[in-house]
Number of protein chains: 2
Amino acid sequence: MIASENEIDVVVKRAEAGFQFLQQCNVIERAKLMHTIADEIEAMGTVLIETAHLETALPVGRLEGEKARTVNQWRMYGDAVRTGLYTEARIDQNLGGQIDLRKYNGGIGPVLVFGASNFPFAFSTAGGDTASALGAGCSVIVKAHPAHVRTSQLMADAIHRGISSYGAPADIFSHVLSDSLEIGQQLVKHPLVKAVAFTGSFAGGKALFDLGQSRPDPIPVFAEMGSINPVFVLPDYLKNNVETFAKQYIGSLTLGQGQFCTNPGVLIGLSGERFDTLKAHLRAEIQTISAGKMLHQGIADHYIRLKNERVECDGVRILAQGKANTEEVFAQAILVEADAARVLSKPELLEEVFGPFGLVISCADRHEMKVLMNSLAGQISLTFAASEDDMREYQELFTIAKNKCGRLLFQGMPTGVEVKYAMQHGGPFPATTDPRFTSVGPDAIKRFIRPISFQNWPDEFLPKELQDGNPLQIERLVNQHWTKD
Amino acid sequence: MIASENEIDVVVKRAEAGFQFLQQCNVIERAKLMHTIADEIEAMGTVLIETAHLETALPVGRLEGEKARTVNQWRMYGDAVRTGLYTEARIDQNLGGQIDLRKYNGGIGPVLVFGASNFPFAFSTAGGDTASALGAGCSVIVKAHPAHVRTSQLMADAIHRGISSYGAPADIFSHVLSDSLEIGQQLVKHPLVKAVAFTGSFAGGKALFDLGQSRPDPIPVFAEMGSINPVFVLPDYLKNNVETFAKQYIGSLTLGQGQFCTNPGVLIGLSGERFDTLKAHLRAEIQTISAGKMLHQGIADHYIRLKNERVECDGVRILAQGKANTEEVFAQAILVEADAARVLSKPELLEEVFGPFGLVISCADRHEMKVLMNSLAGQISLTFAASEDDMREYQELFTIAKNKCGRLLFQGMPTGVEVKYAMQHGGPFPATTDPRFTSVGPDAIKRFIRPISFQNWPDEFLPKELQDGNPLQIERLVNQHWTKD
């Protein structure tokens, strides 16, 4: 455990030394390092899964999938780094007596990553933030999530084995174990820390963001702070899909006890017979759902408190509940309903309840639906359970929706975030503190880069990415044309 | 003149409507709009140059060059937008039953631009910030700089002629005339404003940044706040280049009365005979420089006050001055000197004096030079007057320098910022509030984009940039491969 300010200083200074090392590594070397780390994580036996299962209560199957995803992230991001996509090499040569100017992206500096509780692998010690920061050429300090310390330590050990087997100094990655909030805050304030990544609650993320912005030298703080991921169900679609949609929605809402930032916590439709039929199906579906064990007592307590607050609100009615389980740490799923007019007059109803909690909102007419859409805060995702006819009919909704979220879905459910180039996992405030970036997919690397130009710089002293002859064979924009020459 | 909060609200709501229009415009349409605006600016006759000359005291030749640069910026950024470089279309198709996911960059929303005083064309109403924001697909509100209102109005009229001739609504560009600080602040705080660009003083930029970060929903504020652009002169280089270097340095220092953010305000060398010889040449050079008229009285007063403060500092000695001119608004160039030890004990000496003010710092040895390099705040640029032998010998300096600035120069002078893809005009705080972006060159467009993903979205409702068949023929990353198919 790290405790004193002095120890923090030692950790960050080491990370600065690690950053110096990484600045000398080119994209091929960084990609190789990332693959080596991926191999070490992959090679870990059942102890990793068992430990994580004990610490998080997540099912073994889910954890195995998450481990595979995590390994894949390291490899995919490494391959992306290798192509030079994030190097963005631009070369404007000395043509006709002009200056010779070359630019590329280097790492921004030591990056502080806060592990998340709900993805012990993919968003934690060895998760996407760590992989993308290392890929960008930054050293990383992970503040492990206190809810799964042993899992985190196993991952940190694997990363260090990878680093050592690659031949890099251990300083490029540090793992800080502490359940003190203050330690995290001191790390954010340390002058040598140059960026922060966080996934968790609004209160936690916003506090870190404010801390980062109030430093003498403000730094980027990428906080993903949750979302209610509204699902709009439109009338033509509902004509033929009531049953499948009800199953799909309740399945997504209660998946993993609703502990996903893409959990579809709000369902919005137009009052009327069809919507009433849908509600009946939703009621039937949720009643079949068993209570599940949540990640830890704190999350379970928080869920129960918020759920009860909502249920007691004027104008909020319980539609149905899942099966009860009075054991500690278990969460009973619930669907409540309210009229749009009520929600519009009490916007707190549109705040996230982390867990298997769904709010079904009835709009009196399409105008009210549009007003409700307009009133939404920034979201990770917005889903339309719609037919193509609905799309044509409700065009005005989509125009607004584009400015409200990072990802738009036509049918389907927002849970199940695929790790792809085209993924945008991030949305306007308060979903995240910076909607210009994603925390999932190789583009997550962009968060941690910074461009540097070299003017008339002698070739032998340039980074390899910018040297004549393109020794790394990456795509470069040379005199305004893409080439590997 | 705009005065009331109500009028501000009207302007911003119009900009929001303009943004809605631009969201429907694809890259080809936006590029065409930008070329149309460029043509209108180019077509303006001598009245533009004459007005600007009267308002800014800048020489006609310089203004003609700046006008050509401004026209070129609109065209070059338009061409860049046209290629899809900033659209970053990524398509991961539905292969083997996966989801179909497509992502592109849209505009972030209405952008507020503050005109700068020192570039009445290139960094003002029709400058790079406006061009890059429109290129990104954002509507723009310009708060004109009060020091050249008539010039700004001529430019705003040209932009509106271009918009009208293209057939877009006037709302995509608004021009706010006011010399009230409060109006600017209210604009930054308006909920519909989504990003801010500013070029000017540290005090002004930092205040706007803090305002932007303390909004209920923080927004990016890109403030370029000045720099001292240190020039390190190394011993081997000095052997053969004393005379040419002295001319070059004094020329750059006093160019345009030193009113550039890339003005080389600090010169650093190793004490000794060679450096003394250089100082003698610098003295001789600066004494030939006539006093020039500054942009406006406020800047001239500020220059004189700061210059006098520095001269009165303990340990600061006057090396030489340019020719005097006691007329109002004229600035006399000056070179002062100090030892590195003194500068290290009084870091305020390394703050910018906007104008033809140079501080020559003597380091006792290379260790002290390294310590001084380490003590530097973030800079737009760092220049090495060095030979290749010096580069080899002083490698440790360059390693530190990379983390201190946005642009590194080998020989030459930092003034004369070319508008190129490979230009990085921006540096670590306090040079700018966000070193991850440039304000010069097409990459300036990146400041105002935001990615949006579309999952399983029907082709006909996708933006053209993402549709099957690639109707706009832009470069896209499809299933991890670049293609125009």
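The values are calculated or read from the model by the stated rules, or taken from the named source; none is laboratory data. Quick caveat, the model's predicted, so the values are computed rather than measured. Counting neighbours? That spans all protein chains shown, and the Cβs are built from the backbone with ideal geometry, glycine included.
When residue A:350 is tested against (1) more than 20 Å from residue B:106 (Cβ to Cβ); (2) within 14 Å of chain B (Cβ to nearest Cβ); (3) modelled with pLDDT of 95 or more, only condition (2) is not met. Selection of the stretch B:328-352 for residues being out of contact with any strand residue (DSSP E or B) (no Cβ under 8 Å at 6 or more places or on another chain) and within 14 Å of residue B:303 (Cβ to Cβ) yields B:328, B:351, B:352. When each of B:269, B:315, B:258, B:265 is tested for being at positive phi, buried (at least 20 other Cβ atoms within 10 Å of the Cβ) and not β-branched (Val, Ile, Thr), the lone residue that passes is B:258.
Scanning the stretch B:422-436 for residues that are surrounded by fewer than 24 Cβ atoms within 10 Å (Cβ to Cβ) and either of a type in the set (Val, Ile, Thr) or in contact (Cβ under 8 Å) with a residue 60 or more places away in the chain (or both) returns B:430, B:434. Considering only residues in the stretch B:382-415 that are of a type in the set (D, E, K, R), in contact with a helix residue (DSSP H, G or I) (Cβ under 9 Å, 6 or more places away or on another chain) and facing chain A (nearest Cβ under 9 Å), the one that is nearest to residue A:107 (Cα to Cα) turns out to be B:402. Filtered by the rule that a residue be within 12 Å of chain A (Cβ to nearest Cβ) and among the charged types (D, E, K, R), the stretch B:173-230 gives B:194, B:206, B:210, B:215, B:217. Against the list (1) part of a strand (DSSP E or B); (2) in contact (Cβ under 8 Å) with a residue 60 or more places away in the chain; (3) within 9 Å of another protein chain (Cβ to nearest Cβ), the condition residue A:358 fails is (3). One residue is enough: does the stretch B:120-138 have a residue meeting the conditions in contact with a strand residue (DSSP E or B) (Cβ under 7 Å, 6 or more places away or on another chain), assigned to a loop (DSSP other than H, G, I, E, B) and within 14 Å of chain A (Cβ to nearest Cβ)? The answer is yes, given that some residue of the stretch B:120-138 is in contact with a strand residue (DSSP E or B) (Cβ under 7 Å, 6 or more places away or on another chain), assigned to a loop (DSSP other than H, G, I, E, B) and within 14 Å of chain A (Cβ to nearest Cβ).
Filtering A:188, A:176, A:196, A:142 for residues that are β-branched (Val, Ile, Thr) and without any contact (Cβ under 8 Å) to a residue 60 or more places away in the chain leaves a single hit, A:142. Of the numbered criteria (1) over 24 Å from residue B:225 (Cβ atoms); (2) more than 7 Å from chain A (Cβ to nearest Cβ), the one residue B:440 fails is (1). None of A:101, A:85, A:95, A:112 is more than 16 Å from residue A:41 (Cα to Cα) and more than 14 Å from chain B (Cβ to nearest Cβ) except A:112.
The set of residues in the stretch B:101-151 being of a type in the set (A, V, I, L, M, F, W, C), closer than 30 Å to residue A:412 by Cα and touching a helix residue (DSSP H, G or I) at 6+ places or on another chain (Cβ under 7 Å) consists of B:108 alone. With respect to (1) under 18 Å from residue A:133 (Cα atoms); (2) not in a loop (DSSP other than H, G, I, E, B), the lone exception for residue A:6 is condition (1).
How many residues does the stretch B:464-475 contain that are at the interface with another protein chain (Cβ under 10 Å from one of its Cβ atoms) and in contact with an Asp or Glu (Cβ under 9 Å, 6 or more places away or on another chain)? The total comes to 1.
Looking at the stretch A:188-306, the strands (runs of 3 or more DSSP E) lying wholly inside it that each contain 2 or more residues that are under 23 Å from residue A:372 (Cα atoms) sit at A:231-233, A:266-270.
For residue A:175, indicate whether it is crowded, with 20+ Cβ neighbours inside 10 Å and in contact with a strand residue (DSSP E or B) (Cβ under 8 Å, 6 or more places away or on another chain). For residue A:175, the condition - crowded, with 20+ Cβ neighbours inside 10 Å and in contact with a strand residue (DSSP E or B) (Cβ under 8 Å, 6 or more places away or on another chain) - is met. Between a first residue in the stretch A:252-275 that is under 15 Å from residue A:290 (Cα atoms) and a second residue that is of a type in the set (Gly, Ala, Ser), which pairs have beta carbons less than 6 Å apart while being 6 or more apart in sequence or on different chains? Between residues of the stretch A:252-275 that are under 15 Å from residue A:290 (Cα atoms) and residues that are of a type in the set (Gly, Ala, Ser), the close pairs are A:253/A:358; A:254/A:333; A:257/A:292; A:257/A:331; A:258/A:355.
In the stretch A:446-463, the qualifying residues are those that are surrounded by fewer than 19 Cβ atoms within 10 Å (Cβ to Cβ) and more than 7 Å from chain B (Cβ to nearest Cβ), and the one that is nearest to residue A:193 (Cα to Cα) is A:462.
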